[in-house]
Amino acid sequence: MLVPVSLLDASWLYPGWGTLMPVVGTLILIAFARPRDSRVARFLASRPMAYIGRISYGTYLWHWPLIVGVIYYGVHMSDEVRAVLLLISLGLGSLSYHLVEMPVRRIPVVARKRQLYALFAAQFVLLLAVAVYLLGQPGRADPGEDARLEALKAEIMNVHPDWDACWGGTGPDDFCRLGVPMAEGAAPDFLVWGDSMANSAFAAFDAYGRDHGEAGFLATAPACAPLAGAGFRVDCIDYNRKILAYLDRAPPMDVFLMARWSFYSEGYGNIGNTPGQKPLLRPDGTRPEDGFALFAQALEATIARVAARHRVIVINHVPDFPASVPKSMLRTLRFGSEPLRVARADFERRSGRAAAAVRRIAEAAGALHVAPYEWFCDADACNYQIDGAPLFIDNVHLGPLGNDMLRQAIEEVLEREGPQ
């Protein structure tokens with residue numbers, strides 16, 4: 001149960017196999033926690049721990065409304081905020097235990113049967129009134145607003161149908177296919193290699209292939225950038241080694257590299273764009289003092305190795321946002337919440353060094369460079385919607401409209417450079 005606290009981080013796919021660790025740990029604890037022959041069990045049976053057990057259900061009921069409320073008001077869920085919410089949940093759980101749970105339990109069922117029936121009836125009427133009120137809320141919006149709400153809901157994590165199937169492919173037999181159908185034994189025209197950003201760009205590259213009559217592959221692994229000899233996990237480094245081995249023997253093609261580069265070079269977490277992600281690992285499992293330098297070296301090595309046989313096109317940063325774009329737009333439309341805003345200066349402050357390094361490394365190696373942020377951001381701010389339609393399915397991954405914008409950015413660069 002303690003190992004996942006330090007081992008699991010944002011680089012693990014969730015839900016996934018990592019979820020089993022705390023579950024199995026809890027099962028082992030329950031199976032062997034006998035106070036007569038276990039120090040851990042005797043500790044858990046102590047009065048303070050037993051009291052936490054008594055108030056745990058009330059604490060469980062309170063913690064989620066608190067989290068939802070904090071997120072609704074735009075507060076970033078940092079470790080400090082989580083700790084405060086845990087303490088508040090324990091406090092409310094204790095109050096619930098002493099003021100609600102125990103008084104109800106002490107009511108004599110036989111002697112005060114009428115009072116119990118009245119209590120349950122009042123509870124039923126209250127819940128029924130709340131349900132009727134909530135059911136009537138959508139009808140209070142005008143039809144146009146209701147349709148816009150439903151359209152925004154549909155964009156939340158609106159991934160392509162093969163999203164889960166596209167992870168971890170290492171060769172033509174298990175890569176996801178893009179563009180026009182590929183004849184049996186035919187060589188691909190292009191390969192897209194990257195992390196979840198590349199997976200979210202499936203529609204952009206699929207449309208690109210169809211527009212040009214080309215067939216391609218998609219090679220993606222979660223939280224695993226196309227970096228030679230570096231990654232958050234050793235299995236990511238091994239995966240990239242297999243992709244490079246495939247490219248070493250594959251016929252010449254266009255190879256697109258796409259990832260959330262600042263996530264790996266600067267250590268930004270998935271939520272709130274705050275530092276917290278562990279630095280990159282080397283193949284031997286050690287972490288360097290300068291993670292940014294290792295990132296730059298790994299990207300240079302990747303491009304150099306791939307460019308020896310293929311044309312390389314590096315897709316630079318897409319802007320990210322402090323919260324889910326469609327969810328924030330829903331709150332703004334329904335409740336008048338403050339709209340999202342990421343100033344261009346904020347994007348430059350967070351991701352500018354990584355974006356500049358990616359451009360410099362790509363151009364120095366003779367690779368083509370695509371800068372999507374130049375399409376998504378103007379001089380003042382980075383845009384997350386066009387005419388009320390979101391460009392993203394969460395805070396960074398591309399939706400259908402964002403895919404169309406990325407495709408235009410790629411087309412512009414390739415048309416300017418001409419065929420390979």
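On the basis of being surrounded by fewer than 22 Cβ atoms within 10 Å (Cβ to Cβ), free of Cβ contacts under 8 Å to residues at least 60 places away in the same chain, within 27 Å of ARG359 (Cα to Cα) and charged (D, E, K, R), does ARG305 make the cut? No: the conditions fail for ARG305. Regarding SER351, is this residue of a type in the set (Ser, Thr, Tyr), in contact with a His (Cβ under 6 Å, 6 or more places away or on another chain) and assigned to a helix (DSSP H, G or I)? Considered against the rule, which asks whether it is of a type in the set (Ser, Thr, Tyr), in contact with a His (Cβ under 6 Å, 6 or more places away or on another chain) and assigned to a helix (DSSP H, G or I), SER351 comes out as yes.
Among the residues of the stretch 382-420, those identified as of a type in the set (Val, Ile, Thr), out of contact with any Ser or Thr (no Cβ under 9 Å at 6 or more places or on another chain) and in contact (Cβ under 8 Å) with a residue 60 or more places away in the chain are ILE410, VAL413. Restricting the stretch 217-239 to residues that are more than 23 Å from HIS160 (Cβ to Cβ) and touching a strand residue (DSSP E or B) at 6+ places or on another chain (Cβ under 8 Å), the residue that is surrounded by the fewest Cβ atoms within 10 Å (Cβ to Cβ) is VAL234. Against the conditions (1) of a type outside the set (A, V, I, L, M, F, W, C); (2) assigned to a loop (DSSP other than H, G, I, E, B); (3) surrounded by fewer than 16 Cβ atoms within 10 Å (Cβ to Cβ), GLY169 satisfies every one except (3). Taking the stretch 179-191 as the range and being touching a residue at least 40 places away in the same chain (Cβ under 8 Å) and either within 23 Å of the chain's Cα centre (by Cα) or outside any strand (DSSP E or B) (or both) as the test, the residues that pass are ALA187, PRO188, ASP189.
A single member of ALA147, ALA154 is free of Cβ contacts under 8 Å to residues at least 40 places away in the same chain and over 30 Å from LEU218 (Cβ atoms), and it is ALA147. Answer with yes or no whether ARG311 is under 23 Å from LEU7 (Cα atoms), buried (at least 18 other Cβ atoms within 10 Å of the Cβ) and either at pLDDT 85 or above or touching a His at 6+ places or on another chain (Cβ under 7 Å) (or both). Here the answer is no, as ARG311 does not meet what is asked.
Listed by first and then second residue, the pairs linking a residue in the stretch 355-381 that is under 12 Å from LEU299 (Cα atoms) to a residue that is among the acidic types (Asp, Glu) and surrounded by 13 or more Cβ atoms within 10 Å (Cβ to Cβ), with Cβ atoms under 6 Å apart and 6 or more places separating them unless they lie on different chains, are ILE361/GLU300.
Is there a residue in the stretch 319-327 that is in the same structural domain as ALA204 (by TED's automatic domain parsing), assigned to a loop (DSSP other than H, G, I, E, B), surrounded by fewer than 19 Cβ atoms within 10 Å (Cβ to Cβ) and hydroxyl-bearing (Ser, Thr, Tyr)? So far as the stretch 319-327 goes, no, none of its residues is in the same structural domain as ALA204 (by TED's automatic domain parsing), assigned to a loop (DSSP other than H, G, I, E, B), surrounded by fewer than 19 Cβ atoms within 10 Å (Cβ to Cβ) and hydroxyl-bearing (Ser, Thr, Tyr). Annotation: ILE361 fulfils all but one of (1) closer than 27 Å to HIS160 by Cα; (2) surrounded by 20 or more Cβ atoms within 10 Å (Cβ to Cβ); the unmet one is (1).
Considering every residue within the stretch 194-216, establish whether at least one is more than 22 Å from TRP163 (Cα to Cα), crowded, with 20+ Cβ neighbours inside 10 Å and in the same structural domain as ALA365 (by TED's automatic domain parsing). No, the stretch 194-216 has no match at all. Look at TYR51 and say whether it is in a helix (DSSP H, G or I), farther than 30 Å from THR220 by Cβ and in contact with a Gly (Cβ under 8 Å, 6 or more places away or on another chain). It is false that TYR51 is in a helix (DSSP H, G or I), farther than 30 Å from THR220 by Cβ and in contact with a Gly (Cβ under 8 Å, 6 or more places away or on another chain). Could we say that ALA379 is in a loop (DSSP other than H, G, I, E, B), surrounded by fewer than 16 Cβ atoms within 10 Å (Cβ to Cβ) and at negative phi here? Here the answer is yes, as ALA379 does meet what is asked.
The values are calculated or read from the model by the stated rules, or taken from the named source; none is laboratory data. Being a predicted model, the structure only gives us computed values, none of them experimental. Cβ sites come from the backbone with ideal geometry, for glycine too, and all protein chains shown count toward neighbours.
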